[in-house]
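The values are calculated or read from the model by the stated rules, or taken from the named source; none is laboratory data. Quick caveat, the model's predicted, so the values are computed rather than measured. Cβ placement follows ideal geometry from the backbone for every residue including glycine, while neighbour counts extend to all protein chains displayed. With ligands, DNA and RNA removed, areas are computed over all heavy atoms of the protein, side chains included. Shrake-Rupley method; radii C 1.70, N 1.55, O 1.52, S 1.80 Å.
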Amino acid sequence: MSVGEYKPGLEGVPATRSNISYVDGQVGLLEYRGMQIEDLAQQSSFLETAYLLIFGRLPPAGELKDFEQKIQIHRRLKYRIRDMIKCFPESGHPMDALQACVAALGLFYPLNSNLQDPEYIWGAAVRLLAKVPTMVAAFQLMRQGNDPVQPRDDLGYSANFLYMLNEREPDPLAAHVFDVCLILHAEHTVNASTFSALVTASTLTDPYTVIASAIGTLGGPLHGGANERVMQMLAEIGSVENVRPWLDRQLERKGRIMGFGHRVYKVKDPRATILQGLAEQLFERFGHNQAYDIALALEQAVEERLSEKGIYPNVDFYSGLVYDKLGIPTDLFTPIFAIARVAGWLAHWREQLSDNRLFRPTQVYTGEHKIPYVPIEARS
Ligand code: CMC
């Protein structure tokens, strides 16, 4: 391989063949299994979408019901996982807590089956989808010194998560909006965390390790962690009047505008458009947020300054405003992204196993050769 073939960040280099999702960043198209994200957001539920992603087709009614019921049964955490969470420092980031909890599942459910066994895949998928939201909610309550709230069997996936988090049954609109957010975040081709999942899966390790490695990768500020930074940025800007002076200063010092820009999208991310609509529904129902006015003014100002570089709002720009209105603490935004993305990671795990080859890229060595070893007393 010549140095000329090296692509930093593997930009544009295909890492796999996949029929899970498709993005056309020039026109703002996102499809899961060939279905447009707008249709799924309007008509599907998160668990149905998760099934579609993982198993490749929309489930018939009976299969969906069975899937939902199995997930409901597996929502509870083993007491030892709860005890483990109790030992975590309350100042720790919830993404680190979630990664540790998911990795720990491998201790309780060791890989003692054929990874290709459809029953094993089904069981692991159900367990992960079921338990990840409970882990996020449990850490949130336990870091405040409270006992975790047990899942409620009569509530759907999203309503139950909000219930476990806030210790009260959510408004149906809030539960619906949250469910749509999960659909929007469920999958997005081979991004950094999915690539991480693929590499880990290719070693034929267990699915808990695969998902734990993806969660670790999602947390960074250039990936899923950006949604937290958006809220901090809007708070720092403080007022609509300060948007342009703030943007000028930020661009002058070559700072990034969080929630803007994307490696693939060169137009507004279609998920940002849907999330903006959801935010507006929430504001109409539960009251307006000044941060939204700042966000709108910032979107306009960034468009004027950066649209020629193809920089528009990405999925993280409006998701924070939605979660904030739902009363979710800022540092849970990325764990919520992870709750949704478990579906996409599992789909890629399954696809990788169906035609596995161990990832083993090469490198362009830039060091020296045949350097003589210098004994410690002779070093300057
Ligand atoms: N604010 C200001 N300038 C930007 C931004 C931004 N958010 N994004 C890109 N640019 C500029 C960058 O400075 C560069 O300009 P120049 O060519 O003059 O040096 C040009 O655009 C290309 O930047 P790049 O870093 O080569 O582009 P990339 O494809 O690596 O960037 C990105 C993708 C997401 C890392 C970047 O847009 C960014 O840092 N955005 C802010 C963080 C963010 O919102 N991340 C969430 C991404 S979407 C959800 C997810 O993946 O989890």
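What are the residues in region 143-169 that are without any contact (Cβ under 8 Å) to a residue 60 or more places away in the chain and in a loop (DSSP other than H, G, I, E, B), if any? Before the answer, list the steps.
So the first thing to find is which residues in region 143-169 are without any contact (Cβ under 8 Å) to a residue 60 or more places away in the chain, and the list is 143-147, 149, 152, 154-155, 159, 163-164, 167-169.
Within region 143-169, Arg143, Gln144, Gly145, Asn146, Asp147, Val149, Arg152, Asp154, Leu155, Glu167, Arg168, Glu169 qualify.
With region 1-98 as the region, which helices (runs of 4 or more DSSP H) entirely inside it contain at least 3 residues that are surrounded by fewer than 13 Cβ atoms within 10 Å (Cβ to Cβ) and out of contact with any Asp or Glu (no Cβ under 8 Å at 6 or more places or on another chain)? Steps first, answer last, please.
Numbers: elements: 37-43, 46-55, 61-73, 79-86.
Once the helices (runs of 4 or more DSSP H) in region 1-98 are filtered for at least 3 residues that are surrounded by fewer than 13 Cβ atoms within 10 Å (Cβ to Cβ) and out of contact with any Asp or Glu (no Cβ under 8 Å at 6 or more places or on another chain), what remains is 37-43, 61-73, 79-86.
Out of Arg360, Arg285, I need the residue that is assigned to a loop (DSSP other than H, G, I, E, B), away from the ligand (no atom under 16 Å from the Cβ) and either hydrophobic (A, V, I, L, M, F, W, C) or not assigned by TED's automatic domain parsing to the domain that holds Ser158 (or both). Which one? It would help to see each step written out before you state the result.
Working: Arg285 fails: assigned to a loop (DSSP other than H, G, I, E, B).
None of the other options fit; the residue is Arg360.
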### Task
Considering every residue within region 139-146, establish whether at least one is in contact with a Cys (Cβ under 8 Å, 6 or more places away or on another chain), in the same structural domain as Ile183 (by TED's automatic domain parsing) and either within 18 Å of Glu48 (Cα to Cα) or not acidic (Asp, Glu) (or both).
yes
### Message
Let me spell it out: the conditions are (1) free of Cβ contacts under 8 Å to residues at least 40 places away in the same chain; (2) away from the ligand (no atom under 12 Å from the Cβ); (3) under 22 Å from the mean Cα position of the chain (by Cα), and Ala295 meets all of them except one. Which number is the exception?
### Response
(1)
### Query
For Asn112, which of the numbered conditions (1) at pLDDT 95 or above; (2) over 21 Å from Asn166 (Cβ atoms); (3) not acidic (Asp, Glu) fails to hold?
(1)
### Query
Just one of the numbered conditions (1) within 21 Å of Ile215 (Cα to Cα); (2) surrounded by fewer than 18 Cβ atoms within 10 Å (Cβ to Cβ) is not true of Asn166; which one?
(1)
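Quick one: how many residues across region 194-224 are within 8 Å of the ligand (Cβ to nearest atom) and crowded, with 18+ Cβ neighbours inside 10 Å? Reasoning before the result, please.
Narrowing region 194-224 to residues within 8 Å of the ligand (Cβ to nearest atom): 218, 221-224.
Subset that is crowded, with 18+ Cβ neighbours inside 10 Å: 218, 224.
Number of matching residues: 2.
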### Task
Pull up region 259-280, narrow it to residues that are open to solvent by less than 40 Å² (accessible area, probe 1.4 Å) and farther than 17 Å from Glu187 by Cα, then point me to the one that is nearest to the ligand (Cβ to nearest atom).
Gly261
### Message
Against the condition near the ligand (Cβ under 9 Å from one of its atoms), part of a helix (DSSP H, G or I) and out of contact with any helix residue (DSSP H, G or I) (no Cβ under 7 Å at 6 or more places or on another chain), how does Gln300 come out, does it pass?
### Response
no
### Query
Identify, please: which residue in region 228-242 is of a type outside the set (Val, Ile, Thr), away from the ligand (no atom under 16 Å from the Cβ) and under 16 Å from Gln300 (Cβ atoms) and is, among those, most open to solvent (accessible area, probe 1.4 Å)?
Glu241
